[in-house]
Amino acid sequence: MITAEHLTKRYGEKRAVEDLSFAVRPGAVTGFLGPNGAGKSTTMRMLVGLDSPTSGRITIDGTLYRDLPDPLRHVGVVLDARAVHPGRSAYHHLLAVARTHGIPDSRVAEVLDLVGLSAVARRRAGGFSLGMSQRLGVATALLGDPQVLVLDEPVNGLDPDGVLWIRRLLAGLAREGRTVFLSSHLMSELSLIADDLVVIGQGRLLAAGTAQEFVARAGAGTVRVVSPQSADLATALQGPGVTVTSIDGATLEVHGLDARDVGRIAADHGVVLFELLSRSLTLEEAFMRITRNALEYRTPQEAAR
C-alpha cells in the first residue's frame, strides 16, 4: 500500500504539493490524475526518494523508500522510459540492474519475454522507439518481482496492441494482490483499466475513491430527447440549474434533470416524445468538471467551460 500523509512540497514561493493525503490500496489499479502542473510528477518523485517533502511523508507499506532494504524487490518504478544508456542493449541494461541488486541472471530472460522484447534483446536501447522504450522500462520495473508498481504515463508511444498488452498486464498484476499506481492523461484508457482514482489540482486533493464514485460525484449526465414539439418541451423544462440545448429541429440535450424528470414534465404538458435516452458522464467529462477550477494554464475557451 502507498500512503501519503499531509504531503507538502514547496520550491521557494511555489507550492507544488499542499497537504496531500491519500492511500493506494493493493489489489487494484489506481489512476493518478490532474491537469498539467497539478503536482503529479512531484508526488511520484517524493514517493521514490528523488525529492524530499517540505513536510508530511509518503510511504510504501509504512516505510519510506529510502529506508527499504532492497528497493527494487519492493517497488518497480518507471518515471522516464528513456532513462537507459543508449549504447547498451536491452539485455545488458537489465543484466546490469539484476547483478547490482542480487537478482538471478535468469530473471532477465523472463522479463524480456514478459514484455515482448526477446527478439530485440541484443539491440541498443538508443535505437528503440518510444513504445519499445516503454516496454523496456516496464521490464526493468518488474525485474525484482515487486509488490508495488509506480508508472508515469506508461501508455505513451505504445501502438494499439501495446496498449492492450499493458492494460492486461497491469490488471493481471493487480489481481495478484499487487499495488499498481499509474499516471496518465488518456482518460479513455483509464476508464478501461483503473479501479480507483486519485485526482489532484494545484497540489491539493480533489477526489479519491473508485472510478464509479468519481463519475457520480461529478454530477448527472445528459438526457437526449427527441420530440416533434421540441420548442414547447424546451420551454417547459426551463428551471434553476437546468440547461437545454437544441441539437436540431427535434432533438434536445438536457443537463440538470434525469430522464424520469424529463418524461414526467413532457407528460404534464402533453408533449409527444419519440426518443428519451439518458447518458452517464464519461470519465473525461467528470474529470473536466471536477478540475475546471484547478487549471494552472488555461485559454479563454478553457476558462469559460
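Data table
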{"read-out": "Most mobile of L276, L142, L114 in a GNM of the chain (Cα contacts under 10 Å)", "value": "L276"}
{"read-out": "Inter-centroid distance (Cα atoms) of segment 45-73 relative to segment 210-288, Å", "value": "47 Å"}
{"read-out": "Radius of gyration and maximum dimension Dmax of segment 167-284, Cα, Å", "value": "19.3, 57"}
{"read-out": "Helix axis angle, 106-115 relative to the chain longest principal axis, alpha carbon, degrees", "value": "20 degrees"}
{"read-out": "Principal axis dimensions, segment 220-279 - Cα atoms, whole angstrom, descending", "value": "25, 22, 16"}
{"read-out": "Mean ellipticity per residue at 222 nm, deg cm²/dmol - from DSSP H runs of n ≥ 4 across the chain, formula -39500 (n - 2.57)", "value": "-10000 deg cm²/dmol"}
{"read-out": "Extension gain (nm, one decimal) between R122 and E176, 0.36 nm per residue minus Cα-Cα", "value": "16.4 nm"}
{"read-out": "Acute angle (nearest 10 degrees) that the helix 259-268 long axis makes with the longest principal axis of the chain, alpha-carbon atoms", "value": "0 degrees"}
{"read-out": "10 Å Cβ shell holding at most 14 others, DSSP loop, GluC sites (Glu not before Pro): longest site-free stretch of the chain", "value": "14-175"}
{"read-out": "For segment 148-192, fraction of C-alpha pairs farther apart than 12 Å, in %", "value": "62 percent"}
{"read-out": "Computed Kirkwood radius, in angstrom, where 1/r is averaged over Cα pairs of segment 39-194", "value": "16.0 Å"}
{"read-out": "Relative exposure of Y91, Y11, judged by other C-beta atoms within 10 Å (fewest first)", "value": "Y11, Y91"}
{"read-out": "Antiparallel content of DSSP bridges confined to the chain, in %, to 5", "value": "65 percent"}
{"read-out": "Computed E for E213/A267 - FRET, C-beta separation, R0 41 angstrom, nearest 0.05", "value": "0.80"}
{"read-out": "D145 paired with L277, simple spin-label distance in nm, labels 7 Å along Cα-to-beta-carbon", "value": "5.0 nm"}
{"read-out": "Virtual paramagnetic centre 7 Å along Cα→Cβ of L130, amide N under 12 Å, in segment 74-97", "value": "81-82"}
{"read-out": "Mean shadow area of the chain, taken as a quarter of the surface of its Cα convex hull (nm²)", "value": "19.4 nm²"}
{"read-out": "Cβ-based exposure ranking for M44, M1, in which fewest neighbours within 10 Å come first", "value": "M1, M44"}
{"read-out": "Rounded D (µm²/s) - segment 1-77, Kirkwood Rh over Cα pairs, Stokes-Einstein at 10 °C, 1.306 mPa s", "value": "123 µm²/s"}
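We did not get these values from a lab; they are worked out from the coordinates using the rules stated. On a predicted model such as this, the values are computed, not experimentally measured, just so you know. Ideal geometry is used to build each Cβ from the backbone, glycine not excepted, and the neighbour counts take in all protein chains shown.
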